[in-house]
1. Taking Lys223 as the residue in question, decide whether it is basic (Lys, Arg) and assigned to a loop (DSSP other than H, G, I, E, B).
2. Name the single residue that is modelled with the lowest pLDDT among those in segment 333-388 being part of a helix (DSSP H, G or I) and among the small types (Gly, Ala, Ser).
3. Suppose we filter segment 366-388 for residues that are free of Cβ contacts under 8 Å to residues at least 24 places away in the same chain and more than 18 Å from Ala330 (Cβ to Cβ); how many remain?
4. For segment 96-111, which residues satisfy the criterion of being of a type outside the set (Lys, Arg) and in a loop (DSSP other than H, G, I, E, B)?
5. Please determine whether any residue of segment 196-211 is more than 23 Å from Leu254 (Cα to Cα), touching a residue at least 24 places away in the same chain (Cβ under 8 Å) and among the acidic types (Asp, Glu).
6. Filter segment 309-359 down to the residues that are among the basic types (Lys, Arg) and in contact (Cβ under 8 Å) with a residue 40 or more places away in the chain, then identify the one that is farthest from Ile385 (Cα to Cα).
7. Of all residues in segment 344-378, how many are within 25 Å of Lys312 (Cβ to Cβ) and surrounded by 15 or more Cβ atoms within 10 Å (Cβ to Cβ)?
Amino acid sequence: MINNSKKIALTGGAAAAEALRQINPDVMPVYPITPQTPIIETFAKMVADGEADTEMIEAESEHSAMSAAVGASAAGVRAMTASSSQGIMLMAEILPIASGMRLPILMLVSARAISAPINIHGDHQDVMFVRDAGWIQIFSENAQEVYDNTLIALKLAEKKRIPAMVIMDGFQTSHSVENLEILENSAAKNFVGEYKAKNHLLDFEDPKTFGPVSLPNSFFEFKRAQAESMDGAIGEIGEIFGEYGKISGREYDLFEAYRLDDAEKAIVVAGSTAGTAKVAVDELREQGEKAGLLKIKLFRPFPYDQVAEVLKNVGKIAVFDRTVSFGANAPLCGEIIQTISTIPNKKFTIQSCIYGLGGREIFKEDIKKVFEGLSGDKIEGIKYIGLK
């Protein structure tokens, strides 16, 4: 490992902006929305101070911001943006256009509740609403992962020509100050490399068309090719994690299997709550409980085979979703049910847990009670944690 890092204290939003400064994207169309605004405010100041020369476009809406990012990326330059909540809802029309055109746009997301009623605090309703828009989705536990994931996701997006979201929890991560390490500018720049678009509108020697009409005799094949590329991102990101670990000293994988080797009970979670859950697991281990944690990092594409391998010996599992699917299994729980259905000759107990909607806090003791509930013979259909 080469020591390319220096220590600094930043919020998650500022950590994202620091990565943006080092990447120095060509174009960044933006529109402010809580709790994403600090990302673009911080980066805009960096641009104004001459620390980056990105072309910032102050769009009139999030729909326009994503549309401008699509235009810039199709023209062959590195384009990035950021958003949250209703902003992502307004972008929703354009998100599958970006992925369908195979444009490697990177979007930083401070995940937040969606209306109604109006709520500006963190949960995962926005990113789960667009989970099938054809974007890579990578979750971050803390400010360190926000910074690292931004560099990693950009490299993956550009290698696979798939847009990507780097997701942090609104306020819990985006506004909380933590110590982290950032790479030296040259190391970060060398890692992401210079962007060279494979196809772009301004290639006058070999003209391209973006977004043409595709009728029944061709549309299906486009979608199949897109799906194959998305599935292939699982293997590609493993190589990128390895490359990043060599320059940073921080080893990442598709997920974090925390004390799972001999676990009899485990919880599955994504985002900042993993930090609290690790403390709960440690305390239960001290009491002789064989408890473990699976922290999902890569949610799209979902690594079914790899998750099945680490959960195959865990009999009782609680899946924590910070969102709700009305009339269906919650998103992460549904993926875990699908995963364990492929494991032969093994009986599992699955507890679906909904928590943290609208920014409601979850505490260590709440998580320990869920583990306690897994000890019984009867499992609730859905457990709503912290509900009044």
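1. Numbers: basic (Lys, Arg): yes; assigned to a loop (DSSP other than H, G, I, E, B): no.
Here the answer is no, as Lys223 does not meet what is asked.
2. Initial filter on segment 333-388 (part of a helix (DSSP H, G or I)): 333-340, 357-359, 364-373.
If we keep only those that are among the small types (Gly, Ala, Ser) too, we end up with 334, 358-359, 373.
Values: Gly334: 97, Gly358: 98, Gly359: 98, Gly373: 93.
Residue satisfying both the conditions and the ranking: Gly373.
3. Start the filter on segment 366-388 by keeping residues that are free of Cβ contacts under 8 Å to residues at least 24 places away in the same chain, which leaves 366, 369, 372, 376-378, 387-388.
Right, trim to more than 18 Å from Ala330 (Cβ to Cβ) and you get 369, 372, 376-378, 388.
The number of residues fulfilling the criteria is 6.
4. Taking segment 96-111 and keeping what is of a type outside the set (Lys, Arg), we get 96-101, 103-111.
Of everything in segment 96-111, those that are of a type outside the set (Lys, Arg) and in a loop (DSSP other than H, G, I, E, B) turn out to be Met101, Leu103, Pro104, Ile105.
5. Among the residues of segment 196-211, at least one is more than 23 Å from Leu254 (Cα to Cα), touching a residue at least 24 places away in the same chain (Cβ under 8 Å) and among the acidic types (Asp, Glu), which makes the answer yes.
6. Narrowing segment 309-359 to residues among the basic types (Lys, Arg): 312, 316, 322, 346-347.
Add one more test, that the residue is in contact (Cβ under 8 Å) with a residue 40 or more places away in the chain, and what stays is 316, 322.
Details: Lys316: 18, Arg322: 10 Å.
Per the criteria, the residue is Lys316.
7. Initial filter on segment 344-378 (within 25 Å of Lys312 (Cβ to Cβ)): 344-353, 367-368, 370-378.
Restricting the remaining residues to those that are surrounded by 15 or more Cβ atoms within 10 Å (Cβ to Cβ) gives 348-353, 367-368, 370-371, 373-374.
Summing the residues that are within 25 Å of Lys312 (Cβ to Cβ) and surrounded by 15 or more Cβ atoms within 10 Å (Cβ to Cβ) in segment 344-378 gives 12.
Residues are listed down the side, and each one gets a yes or a no for (1) surrounded by 13 or more Cβ atoms within 10 Å (Cβ to Cβ); (2) acidic (Asp, Glu):
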| site | (1), (2) |
| --- | --- |
| Ala197 | yes, no |
| Thr209 | no, no |
| Glu236 | yes, yes |
| Ile240 | yes, no |
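The values are calculated or read from the model by the stated rules, or taken from the named source; none is laboratory data. Note that the structure is predicted; figures quoted are calculated from it, not measured. Note that we place each Cβ from the backbone using ideal geometry, even for glycine, and neighbour counts take in every protein chain shown.
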